[in-house]
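Peer 1: First, the structure itself, so that you have it in front of you.
What follows draws every value from the coordinates through simple rules; no lab data is involved. Since the model is a prediction, treat every value here as computed from it, not as a measurement. FYI the Cβ positions are ideal-geometry reconstructions off the backbone, even for glycines, and counts take in every protein chain you see.
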Amino acid sequence: MSDFLKAAVAAVITVVFCLIVSRQNKEMAVLLSLLVCAMIAALAVSYLSPVIAFFEELKALANLDSDFLEILLKSVGIGLLAEIAALICSDSGNAALAKTIHILSVGVILYLAIPLFSGLMELLSKILGGA
Amino acid sequence: MKRILFIMILLLSMAIPVNAMEFKAPEVPESGSGYLTEEPQTFSEGLALILKEAVPEIKPSFLEASTICLRILAVALLMALVKSLPGSTNEILHVIGSVSIALILLEPSNAMLQLAVETIRELSDYGKLLFPVLTAALAAQGGTTTSGAMYVATAAVDALLSSLISNVLVPMVYIFLCLSVSSGAVGESILEKLKAFSKWIVTWSLKIILYVFTGYLTITGVVSGSADAAAVKAAKITISGVVPVVGSIISDASETVLVSADLMKNAVGVYGMLAMIAVWIGPFIRIGIQYLMLKATGAAAEMISTKSIGQVIQDFSTAAGLLLAMTGTVCLLLLISVICFMKGVQ
């Protein structure tokens, strides 16, 4: 809770600093914003590691395929990272870059999910073949 | 000479072996034999025996369903992480979430569908063996019109329902599941409507067949039952009136024969009903537990994850509910038929 409070306060202070700094040096404001975003993301990752450990437990308990869970975790991670990157790009006035990041993330997630789609197709053809 | 010839013919006819007609219910099919291990004396005793044997089945079915639900919950939790994301990333992750849930649930759902089809086939096959015996027993009791009418109706509706379930309703459930996964992934309202339509077809087909069948049996039972009762009564009066001296004795003896036939018919009917319940109870427990567990998981997933993911899980539980309805309808239809045969000529 205290970590979250610190992060929230840091974010608000950074916004104020960025507003002041951006009048003289816009590049510095973007860099400052990027730095604080990275710090908050690192904090979020430290909180996510027990969640991932819980998933590992769940995986063992439910006999879940590791490849399957790995694909899902990677997709979720890429989605989150892409969103943060796109927001930073938008804040610094690069809407085109933000959009490109979104397109890239969708492409990468689809690429990662190919085994899931082919697994589903295989399963469907097996079921329809047997029906 | 004529007298000697007559006596010889009489003696020869007496030498022919004659047995009383015996009506015996067919053996319980293999899938139900584990539940009806011994021959019960009464219906309630048989039912208690089936339930006693069926209760230990709950735990393995529950464990199997729990494993599946834990897998779904893992996916739902992961999807909860991206719940707040806006835009295209969120949409593609939803597609992947729905596909993952389909991958987890399609195989067990397919196994349940095959189990339901197999159970319906076994129930239908058992009915094909049981109903001729019940028809003969009912005819021996004097219900010639009733037995014929009921046998024709039962055989026709049973064949129609089995064929309808295998060729139309089960493929409809597959379509329902595919539409559910697609609408969960894409979120198109037309897919939602098609999904609701396929469910409507399955439920209403079952309802209409059951209504028509029970209605037909009720009317047949009232009309031909009264006709048969009148015919039996007329025959008794004729015998006691036409045959001098011993007419009333023959009439009373025929009453005893009819009562015996009734007892045998009821014994066959009770055993037949228990056999049908024994075939049905195992799949009912397995599909029923999966249905309940998926319902609970769907509600939990809807709470922690997104509505669409929860809806996909709920749809899979609905499919299990449809399978319960199909097996239940066939079993109920056959049980009603047996009861109608047992009611016989009043």
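Peer 1: Using the crude model of +1 on Lys and Arg Cβ and -1 on Asp and Glu Cβ, and no other charge, please compute the dipole size for the stretch A:57-107 relative to its Cα centre, in debye to 20.
Peer 2: On the way: 3 positive and 6 negative charges, 37 e Å.
Using Cβ point charges on Lys, Arg, Asp and Glu, the stretch A:57-107 gives about 180 debye.
Peer 1: Cross-link partners among lysines for residue B:24, C-alpha distance below 23 Å, same-chain residues fewer than 8 apart left out?
Peer 2: Hits, sequence-local ones excluded: B:128, B:265, B:343.
Peer 1: Could you check the spin-label model distance between residue A:46 and residue B:193? Points 7 Å from the Cα along Cα→Cβ, value in nm.
Peer 2: Simple spin-label model gives 5.4 nm for this pair.
Peer 1: For residue A:99, which aspartates and glutamates qualify as cross-link partners when the Cα separation must be under 18 Å and same-chain residues fewer than eight apart are set aside?
Peer 2: A:83, A:91, B:91
Peer 1: Once the dipole of the protein assembly as shown is set up with Lys and Arg at +1 and Asp and Glu at -1 on Cβ about the Cα centre, which of B:6, A:62, B:218 lies farthest towards its positive end?
Peer 2: B:218
Peer 1: Karplus couplings for the stretch B:319-328 from phi (6.51 cos²θ - 1.76 cosθ + 1.60, θ = phi - 60°), rounded to Hz, Gly and Pro as x?
Peer 2: 4, 5, x, 5, 5, 4, 5, 5, 5, x
Peer 1: Now a separate question. Name the shape class, rounded, prolate or oblate, that the alpha-carbon gyration tensor gives for the stretch A:43-105, where a ≥ b ≥ c are the square roots of its eigenvalues, rounded holds for a/c under 1.5, and otherwise prolate holds if a/b is larger than b/c and oblate otherwise.
Peer 2: Details: a/c = 6.96, a/b = 2.25, b/c = 3.09.
The shape class here is oblate.
Peer 1: Oh, and also: For residue A:66 and residue A:10, FRET efficiency with R0 = 41 Å and r from the beta-carbon atoms, rounded to 0.05? Spell out each step's value before the answer.
Peer 2: Details: r = 36 Å, r/R0 = 0.89.
Computed FRET efficiency for residue A:10 and residue A:66 comes out at 0.65.
Peer 1: Another question about this same structure. Filter the trypsin sites (Lys or Arg not before Pro) in the stretch A:29-127 to those in DSSP coil with at most 16 other Cβ atoms within 10 Å of their Cβ, and list the result. Don't skip to the end; give the middle numbers.
Peer 2: Details: sites: A:59, A:74, A:99, A:126; in loops: none.
Listed in order of number, the matching sites amount to none.
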